[in-house]
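Reviewing the structure listed below.
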Amino acid sequence: MAYVFDNDESLPPISDLPLDLASLDEQVVKKITAAHVGSDRVGLSTLLAEEARAETFPYISADVESPLYNDAYAAASLILAYRLMAEAKFLDVLRVVDLGMLRGGIEKWSSSFLPIAHAAQKLKDNKTRPKPFPASPVSHRSSTGPFKESEKTGITMTKVAKVAITQENVPDEGDEAENVEVLDYSPYTFPPPPPKKIKLSPAPNLHSSGSPIPRIPVASLSASQFASDYLNPSRPCIIKLEDEQCPPWTFRVLKSRIGCRLVPVEVYDEKDRTKGYLGESWDKELMSFDNFVDEKVLSPEKGEKLAYLAQHPLLQQIPNLQDDLPSLPYAEALDDLDKNAPEECEFRRSPIYSAWIGPGGTVSPLHNDPYHNLYLQVVGRKYVRIYSISETASLYPMKGERCNTSNVNVDDPNDKLYPLFKDAPYQEVVLEPGDMLYIPRLSWHYIRSLEPSINVSMWWGARMGLREVSGEFKPVY
């Protein structure tokens, strides 16, 4: 069964892609070019695109990471997505789209992939394609690089009959099926079991009483007042949104809208729960979103690795989610450091949106971020602790690339190694749905989810860091 493209779904010219062909290996260029030209035969065009993508594999292994060849992989994936679309394999298109965007970078490649992703998602959701016997899944396990795809979340989503399928004996659509696995591509065929009773995670042991963070109703705070009272003096505050301003999301709603799309999740052992990305067992794994929610967030199995979708540009991967965010002027406000930033400074005039989704007990270790941050609590509750920049020396920053992260484990501080930490003053709050916390740029903060949670962060402004000068830590561009 073939699919006829609309005019706005045509494969873009190679010259329009963010790809430096001149710097690639000659054989890689030859394969990508041949795949882009394609063939009169639909199946052969798909094969050429698969070969082009496979040609990039040696250059994007975990040991030889190359941004240049990540782009080559993304370009080949884009071509493959269009070839699969012509065969009406809409689920395979979405899988290839996600792998290409995640490898090449969502911010860099989203504009190239979104037209084909939107078309495939729409057709899949509308069930315009009759349910033929599925063709062979697109092979991609060797292409995920630093991500490890869960064995439970390969191209197959819901197994209806457990019978082995082989590459050598895949029937064409309409053929009689024998000894072949029958698949249901819809992730919503069977509703997930009800979530287990949630056991709340306690807030960490407090060394001293933290001071509260002011909570202001959104109707009482103008953008100019926010800039003068909180942004410029680097003072945290909580902006309480009206009910209708908060995204109407639940885990069920997001599953229905995101479904089987692939997302990279952080995974780690229980022993590293309070260490997060600092733990020895920390790794990344690709999972379909619906499986992530069912298996890792709402009903995690005891003894299984913990998982957290952290700082992922989900709203760029699934752009229609941005329509649910409130239109507020706060992320347009600038402080004096922003206004005086040099031209060469990396500057975000429009906010960077990141999603944070996980079970109770997930931890973001004590760290600081290079931008202003509005952190919106959509579902669940989270404990947040914030330290001023002036307390940096008492928080014992790491050296080198992780200089924005503290050596102190807030849940289990070592008073002998870090004696100043216990007396460092801080502010704290438990965020409720509808709370939007302003975390000042470069302020140190620790976050722990108290129950399954959904959050969105918005970063903006001039990118800055902390530098030690004569024993004091000061902001620098």
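The values are calculated or read from the model by the stated rules, or taken from the named source; none is laboratory data. Remember, predicted model here, so these are calculated numbers, not experimental data. With ideal geometry, Cβ positions are generated from the backbone for all residues, glycine too; neighbour counts draw on all protein chains shown. For the accessible areas, the whole protein counts, side chains as well, though only heavy atoms, and no ligand, DNA or RNA atoms are used. Shrake-Rupley method; radii C 1.70, N 1.55, O 1.52, S 1.80 Å.
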Quiz item: What number of residues within the stretch 430-476 satisfy the criterion of being under 20 Å from Leu309 (Cα atoms), open to solvent by 40 Å² or more (accessible area, probe 1.4 Å) and in contact with a helix residue (DSSP H, G or I) (Cβ under 7 Å, 6 or more places away or on another chain)?
Solution: 0
Quiz item: Wholly within the stretch 244-340, which strands (runs of 3 or more DSSP E) include no fewer than the required count, namely at least 2 residues that are of a type in the set (Lys, Arg) and free of Cβ contacts under 8 Å to residues at least 40 places away in the same chain?
Solution: none
Self-check item: Considering residues of the stretch 347-379 that are within 26 Å of Lys296 (Cβ to Cβ), in a strand (DSSP E or B) and of a type in the set (Ser, Thr, Tyr) only, the residue nearest to the chain's Cα centre (by Cα)
Solution: Ser354
Self-check item: Sole residue being within 30 Å of Glu304 (Cα to Cα), open to solvent by 30 Å² or more (accessible area, probe 1.4 Å), hydroxyl-bearing (Ser, Thr, Tyr) and modelled with pLDDT under 50, chosen from Thr144, Thr156, Thr166, Thr128
Solution: Thr166
Quiz item: Right, Glu401: in contact with a Leu (Cβ under 9 Å, 6 or more places away or on another chain) and either at pLDDT below 95 or among the acidic types (Asp, Glu) (or both) or not?
Solution: no
Self-check item: Pick from the stretch 324-346, criterion open to solvent by 30 Å² or more (accessible area, probe 1.4 Å) and of a type in the set (D, E, K, R), ranking: nearest to the chain's Cα centre (by Cα)
Solution: Asp324
Quiz item: Right, Ile60: within 13 Å of Arg103 (Cβ to Cβ), open to solvent by less than 60 Å² (accessible area, probe 1.4 Å) and not acidic (Asp, Glu) or not?
Solution: yes
Self-check item: Residues of the stretch 307-323 classified as open to solvent by 40 Å² or more (accessible area, probe 1.4 Å) and touching a Lys or Arg at 6+ places or on another chain (Cβ under 8 Å), total
Solution: 1
Quiz item: Are any of the residues in the stretch 262-280 out of contact with any Gly (no Cβ under 8 Å at 6 or more places or on another chain), β-branched (Val, Ile, Thr) and closer than 18 Å to Arg95 by Cα?
Solution: yes
Practice problem: Evaluate the stretch 8-29: report whether one residue or more is at pLDDT 95 or above, of a type in the set (A, V, I, L, M, F, W, C) and more than 21 Å from Gly105 (Cα to Cα). | Solution: no
Practice problem: Go through the stretch 15-32 and count every residue that is touching a helix residue (DSSP H, G or I) at 6+ places or on another chain (Cβ under 7 Å), open to solvent by 30 Å² or more (accessible area, probe 1.4 Å) and not in a loop (DSSP other than H, G, I, E, B). | Solution: 5
Quiz prompt | Unmet requirement for Asp324, which otherwise passes all of (1) in contact with a helix residue (DSSP H, G or I) (Cβ under 6 Å, 6 or more places away or on another chain); (2) modelled with pLDDT of 95 or more | solution = (1)
Quiz item: If you scan the stretch 347-390, which residues turn out to be in contact with a Ser or Thr (Cβ under 8 Å, 6 or more places away or on another chain), crowded, with 20+ Cβ neighbours inside 10 Å and farther than 27 Å from Phe251 by Cβ?
Solution: Leu366, Asn368, Ile386, Tyr387
Exercise. Would you mind telling me which numbered condition in (1) within 19 Å of Ala86 (Cβ to Cβ); (2) part of a loop (DSSP other than H, G, I, E, B) Arg53 fails?
Key: (2)
